[in-house]
Amino acid sequence: MSPPTAVAPARPEIVTEELPRRRPAWVERATSTNHKSVGILYLGAALFFAAIAVVELVLLRVQLIVPENTAIQPQIFDRIMSTFGVTAVVLFAIPLAFGLIAYVVPLQIGSRGVAFPRLNLLSFWLYLVGAATIYGSLLYRPSEAGFAALPPLSENVFLNTRGVDTWVVGTALAVLGFVCFSVNLVVTLHNMRAPGMAWRRVPLFTWAAGISGYLMLVIGPVMLAALTMLFIDRHYGGVFFNAGEGGAPLLYEHLAWFFFTGVYMLVLVFAAGVISDVLPTFARKPLFSHRAAMISMLAIAVLGPLAWMQNMYTAPIGFSFETFAMVFALALTIPVGLLIFNWIATLWDGTLHTRAAPLFAIGAISALSVGLAVELAISVIAVGWQLDNTTAAQAATTSVFVGGMVLGGFSALHYWFPKLTGRTMGEGLGKASLGLTLLGLYVYVLMAFLAGVKAQPVDIYKFFGDAGLDGFNLAASIGAFVLAIGILLELGNAAYSYRNGVRAGHDPWRGATLEWFTLSPPPEHNFDAVPDVRSAEPLRDIRRAIQDRTASWRPPPPPEPVEPPASEPEPVEAASAEEAGGEGTAGGAPVA
Amino acid sequence: MAPRTTNTRPAASSAATPGVKGLAIALGIVGLTLAVLAAPADANVLGPRAGHSPNADDIRTAYWVAIVVAALLILVINAALIAALVRFRARRGLTPKRLAAGPGAFMRPAVPLAAIAIGLFVFGVVITSDARDVQPTTSQGLNASNDLVAQAGGLTVPADAKPLEINVVGQRWLWRFDYPQTLNQPPYSTFSYSELVVPVHTTVILHVTSTDVDHRWFIPALGGQVEAVPGHETETWFRADSKGVYPGQSTAYSGTSYAVMRAWVRVVSPQQYQQFVKQKRREIAAAQDYVQKAVQQGAATGAATP
């Protein structure tokens, strides 16, 4: 710009009366439709409910330390148990997956936003209002209808309390939120991938996210329908599930199990996505087979929900339906086994940097293998007759959920925390938490399994001394407490590191996917320039291109021999690696 | 096949190195040996308590086969994970080999996995059908007079089964058992609560249902769980091989007192069973008489009937 002269020519000016008022940070946070803000909201809420679920688990296990314990009244126990189930699955597991997806997936596909940002934000608020509805019933009388509120027990005749209504409405609101979220996710993935990012090149976490989205679009409405029918039964004279009036109690079981089996598969696919992104990064080698991992995840999502009747072997549904369920439940062995093979082959001949993220991922594989192998055994109908609804089946499910959502989720948290906050989570604390979580989990799972093999039912508020299961229950409780300490430690780690963690660079792990191409935390619009994607590891290509150019770069021949040559070759920075802060300095000054 | 390594694009490799395979196989063998050695000693800890009915024995066979397969899978996967974690850490001067799957690399793991799945499926169908096949009453059992078998759901009942058919009704939070009616005179029903009394060596078919919410009938020594669903009838059977009392407990959450919804099956000799039924009928008849008289007296004296 030329220096100002004495007489400036008149020109039009843009005059503002005042700066746009800055709203309080929390209002900004609550109303921002930016996908990163929505992701943080989801994550915060999910981790909060993780802490609540852990406290509830501890209370449940305190009651079962000694036989015929009277520490907690039966009804109180039932309320905690009913709330714990929905908290762990609907308020913690799915939102944790969706929070990470909301934050990371648009970055991984090189997008500057999402397709329906307001729907995205709405989905979070629907979920949170649902959670508040469920927990609002703490003020008077929470649901006692059990983990899935199966009718006839959850019908008005047997539980005429408003707690069941809040459970139904709250769960429905949350699931509605998840469906809204999935609509946005699926549309974003279809339309907003970076140029050149064909489906075969999308990062595996994004692939898992897409599968989760489609899965939720299939299973979510089924649960919404079931909950709506239950609500009509309870309040508007419906007889959907009332056997005395010609309804079918088994119908709700089918619908609810379809949903919960789908959630189970969602957890698996989410964990598979995380592990498939984390392991190659830290082993410094690509996934053994990107394509096979993609097909395996897809197969899990297709086969898994079709095995919902695996939970209904004892119900009067007939041998043919039971066999149908067994086919799909056993068929899952192949994709799950190939995924695990894929991960181990990825570690093989690699150079694993043993940070907390990959260790959590390996812990997750181990816990998943334990839980899924036992599930495999329970899938045999005759074994299901013995173990279904005992603590043995519960132990297997716990192993899968803790492996997938807690260990897999914490692996993801360690991995992407620098992207979210610009800081790393505590490594030592993370590893300590991993050790405690795995130890507690395995003690709990083994002991609960052995008690269940001897027919200890789930959901009981007390067990009798003559069952001979005192030792198993005591050990299972101790395991659960250690598990709880491990999880709480990691939650504290995340909370502390959010503001006080060690500062990390923009790309601390040398990741191969596009989210590491931008700053940490990313600017509002994510990317200044979106690169063309040419492989499944776009950032590796970019690094190599930079390396090639810097290696072949020579200083231009000096025009004058007297001048000294340029001293250092300057590394060519990626276009987006500049702070998007150029405009804030001059343009904002108000003209009075 | 040894992995080829290049600096550019991933090379094809379809198998792990021989050392690893050896390690995995060795660990598998060690684990299997340990399991086989430990099984008799620890079957009490690791497995269900002993069964006393042919279908319960089938379930135990199914359990042991399936759980050994599961344990082997867990062992192999975790051994490979630990081996990978220990052997392939980042060290100075070590470069990762960018090996990736060639075509067919997944055939090797897929074949055994498919074999496990198919094997367990076939085994599951066979053992489950076997558990559903009702065995006939033996010569030592009660020679039940009625050879009339009602529709028995998913069970296969042979013509010579001579079963004792008992209706089991779940209600919060106890079980009611209705015994077959042999005499056409009052009382017209013979029933008991919480404790089911049956003759030994006799095939018993249970028709399980519920009058309120879902329950589950489960006596581990005498077969698997069956759900008691209002409006449905679920069938199961057993043939106890020795006298004794076998406890069990409902395994479907049914509200406040669910944890105390227990049941006992007392297996007695056929003579004792017939005595029990007679005794029960006398008691019920006496109780009904008493109530009837009380009601009549109340009506005669004008007092409010209870």
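The values are calculated or read from the model by the stated rules, or taken from the named source; none is laboratory data. Since the structure is predicted, the reported quantities are computational estimates derived from the model, not experimental observations. Ideal geometry is used to build each Cβ from the backbone, glycine not excepted, and the neighbour counts take in all protein chains shown.
Quick notes
- Options A:ALA512, A:ALA475, A:ALA494; residue that is within 14 Å of another protein chain (Cβ to nearest Cβ), modelled with pLDDT of 90 or more and assigned to a helix (DSSP H, G or I): A:ALA475
- Some residue of segment A:272-282 being in contact with a helix residue (DSSP H, G or I) (Cβ under 7 Å, 6 or more places away or on another chain) and either facing chain B (nearest Cβ under 9 Å) or surrounded by fewer than 24 Cβ atoms within 10 Å (Cβ to Cβ) (or both): yes
- Test: residue in segment A:31-38 that is buried (at least 16 other Cβ atoms within 10 Å of the Cβ) and assigned to a loop (DSSP other than H, G, I, E, B): yes
- Failed condition for A:ILE219, given (1) more than 14 Å from chain B (Cβ to nearest Cβ); (2) within 30 Å of A:LEU359 (Cα to Cα); (3) surrounded by 19 or more Cβ atoms within 10 Å (Cβ to Cβ): (2)
- Among the residues of segment B:72-102, just one is in a strand (DSSP E or B) and either modelled with pLDDT of 85 or more or more than 7 Å from chain A (Cβ to nearest Cβ) (or both), namely B:ARG89.
- Note on segment A:306-407: enclosed helices (runs of 4 or more DSSP H) holding 3 or more residues that are of a type in the set (S, T, N, Q), more than 10 Å from every other protein chain (Cβ to nearest Cβ) and farther than 24 Å from B:ALA101 by Cβ are A:391-401.
- Matching residues, segment B:233-260, being more than 18 Å from the chain's Cα centre (by Cα), more than 21 Å from B:ASP133 (Cα to Cα) and either within 7 Å of another protein chain (Cβ to nearest Cβ) or assigned to a loop (DSSP other than H, G, I, E, B) (or both): B:LYS243, B:SER254, B:GLY255, B:THR256, B:SER257, B:TYR258, B:ALA259
- Note on segment B:103-122: residues that are out of contact with any Gly (no Cβ under 7 Å at 6 or more places or on another chain) and facing chain A (nearest Cβ under 7 Å) amount to 8.
- Residue count for segment A:416-436, restricted to those that are surrounded by 19 or more Cβ atoms within 10 Å (Cβ to Cβ) and either in a helix (DSSP H, G or I) or on the phi > 0 side of the Ramachandran plot (or both): 10
- Hey, A:ASN311 touching a helix residue (DSSP H, G or I) at 6+ places or on another chain (Cβ under 8 Å) and surrounded by fewer than 24 Cβ atoms within 10 Å (Cβ to Cβ) or not: no
- Filter pass, A:GLU524 being more than 14 Å from every other protein chain (Cβ to nearest Cβ), modelled with pLDDT under 95 and surrounded by fewer than 17 Cβ atoms within 10 Å (Cβ to Cβ): yes
Yes or no, residue by residue, for (1) touching a Lys or Arg at 6+ places or on another chain (Cβ under 9 Å); (2) touching a residue at least 60 places away in the same chain (Cβ under 8 Å); (3) surrounded by fewer than 24 Cβ atoms within 10 Å (Cβ to Cβ):
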site	(1), (2), (3)
A:PRO67	yes, yes, yes
A:ILE76	no, no, yes
A:ARG79	yes, yes, yes
A:GLY85	no, yes, yes
A:VAL90	no, yes, no
A:ILE101	no, yes, no
A:GLY110	yes, yes, no
A:ALA115	no, yes, yes
A:LEU126	no, no, yes
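- Complete set of residues in segment A:125-139 that are in contact with a Gly (Cβ under 7 Å, 6 or more places away or on another chain) and of a type outside the set (A, V, I, L, M): A:TYR127, A:GLY130, A:THR133, A:SER137
- Restricted to strands (runs of 3 or more DSSP E) entirely inside segment B:163-230, those with at least 1 residues that are closer than 19 Å to B:GLN274 by Cβ are B:164-171, B:174-179, B:190-193, B:195-199, B:203-210.
- Subset of segment A:500-554 [closer than 30 Å to A:SER32 by Cβ and among the basic types (Lys, Arg)]: A:ARG503
- Candidate set from segment B:92-139 (those that are more than 23 Å from B:ALA62 (Cβ to Cβ) and under 26 Å from the mean Cα position of the chain (by Cα)); member that is surrounded by the most Cβ atoms within 10 Å (Cβ to Cβ): B:THR137
- Filter pass, B:PRO136 being more than 8 Å from chain A (Cβ to nearest Cβ) and either in contact with a Phe, Trp or Tyr (Cβ under 6 Å, 6 or more places away or on another chain) or assigned to a helix (DSSP H, G or I) (or both): no
- Sole exception among (1) within 16 Å of A:PHE341 (Cβ to Cβ); (2) within 9 Å of another protein chain (Cβ to nearest Cβ) for A:ALA243, by number: (1)
- Hey, A:ALA364 more than 24 Å from the chain's Cα centre (by Cα) and modelled with pLDDT of 95 or more or not: no
- Matching residues, segment A:449-460, being in a loop (DSSP other than H, G, I, E, B), more than 30 Å from the chain's Cα centre (by Cα) and either facing another protein chain (nearest Cβ under 8 Å) or closer than 14 Å to B:SER254 by Cα (or both): A:LYS454, A:ALA455
- Selection within segment A:223-264: residues that are more than 22 Å from A:ASN156 (Cα to Cα) and touching a Gly at 6+ places or on another chain (Cβ under 9 Å). The member of this set that is surrounded by the most Cβ atoms within 10 Å (Cβ to Cβ) is A:PHE259.
- Just one of the listed residues (B:VAL198, B:VAL204, B:VAL213, B:VAL208) is facing chain A (nearest Cβ under 8 Å) and surrounded by 24 or more Cβ atoms within 10 Å (Cβ to Cβ), namely B:VAL213.
- So A:THR354, is it in contact with a strand residue (DSSP E or B) (Cβ under 8 Å, 6 or more places away or on another chain) and not charged (D, E, K, R): yes
- Qualifying position, being within 30 Å of B:VAL229 (Cα to Cα) and buried (at least 22 other Cβ atoms within 10 Å of the Cβ), among A:LEU332, A:LEU287: A:LEU332
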